[in-house]
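The values are calculated or read from the model by the stated rules, or taken from the named source; none is laboratory data. Just so we're clear, the structure is a prediction, and the values are computed from it rather than from any experiment. A quick note on method: Cβ atoms are made from the backbone with ideal geometry, for glycine too, and the neighbour counts reach across all protein chains shown. Just the protein is used for accessible areas: all its heavy atoms, side chains included, with ligands, DNA and RNA removed. Shrake-Rupley method; radii C 1.70, N 1.55, O 1.52, S 1.80 Å.
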Amino acid sequence: MVKRFLPVLILLGCSLGPVTPALVRAQANQGFTFTFGDGPTGRQQLQYHLDNGTPGFMGDRYWLRLGQQKVAINRINITYPDYYTGIIDPKGIEVRIGGNRGNSFFQFRRDLGQKIPLAEVSVDRDNRVIDIVPAEVIPAGTPVQVILNNVRNPNNGGMYYFNARIGSPGDIPLMRYVGTWILSIANN
């Protein structure tokens, strides 16, 4: 009796083989961040998302959320550390306003916001500064996020502090510190 059903059991076992789940590596994105010493406090940490977050990955995308600001914005300035060896493409920088993240668990009905035209974008690799000037002033209370497309991640993983400053329209062109994105690029 067993010999009669043995070929059926073998075929059944072989057909179920490809159905087993494949192992997936976790993505390096913002989770719990503990800072000690002179790092930014919880209120100063800004939210971000990396599409890949793997060292040396070409074509990664960083979603850097500024959130809603109490003042109008006419300039966004992002500084990054000298040990960040990644390459940021100035042509791949965009700013989006509005939008919502939808359901935070399933990400249903996710609205990415409206892409706004930019008057000037520059990446100064020597001074490690990204300077973005929108074509029109972004009104106060508008959710803002900066998207860095076509980024080549550093070859080594680590934590990188990207600091955000904004400029407001007015007589005195002073940049105001908004917060810090603590980017974690995992060494898998």
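Summary table
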read-out: Segment 176-188 - residue that is open to solvent by 70 Å² or more (accessible area, probe 1.4 Å) and modelled with pLDDT of 90 or more and, of those, nearest to Ala72 (Cα to Cα); value: Arg176
read-out: Count of residues meeting criterion [assigned to a strand (DSSP E or B) and open to solvent by 60 Å² or more (accessible area, probe 1.4 Å)] in segment 117-130; value: 2
read-out: Total residues in segment 131-168, condition open to solvent by 70 Å² or more (accessible area, probe 1.4 Å) and at negative phi; value: 9
read-out: Residue check, Asn150 closer than 21 Å to Val95 by Cβ, touching a residue at least 24 places away in the same chain (Cβ under 8 Å) and in contact with a strand residue (DSSP E or B) (Cβ under 9 Å, 6 or more places away or on another chain); value: yes
read-out: Segment 52-69, residues that are hydrophobic (A, V, I, L, M, F, W, C) and open to solvent by less than 30 Å² (accessible area, probe 1.4 Å); value: Trp63, Leu64, Leu66
read-out: Residue ID - farthest from the chain's Cα centre (by Cα), chosen from residues in segment 41-51 that are assigned to a loop (DSSP other than H, G, I, E, B) and at pLDDT 85 or above; value: Leu46
read-out: Test set (1) in contact with a Phe, Trp or Tyr (Cβ under 8 Å, 6 or more places away or on another chain); (2) assigned to a loop (DSSP other than H, G, I, E, B) - Ala140 fails condition number; value: (1)
read-out: Set Asp89, Asp82, Asp38: member being among the charged types (D, E, K, R), at pLDDT below 65 and open to solvent by 30 Å² or more (accessible area, probe 1.4 Å); value: Asp38
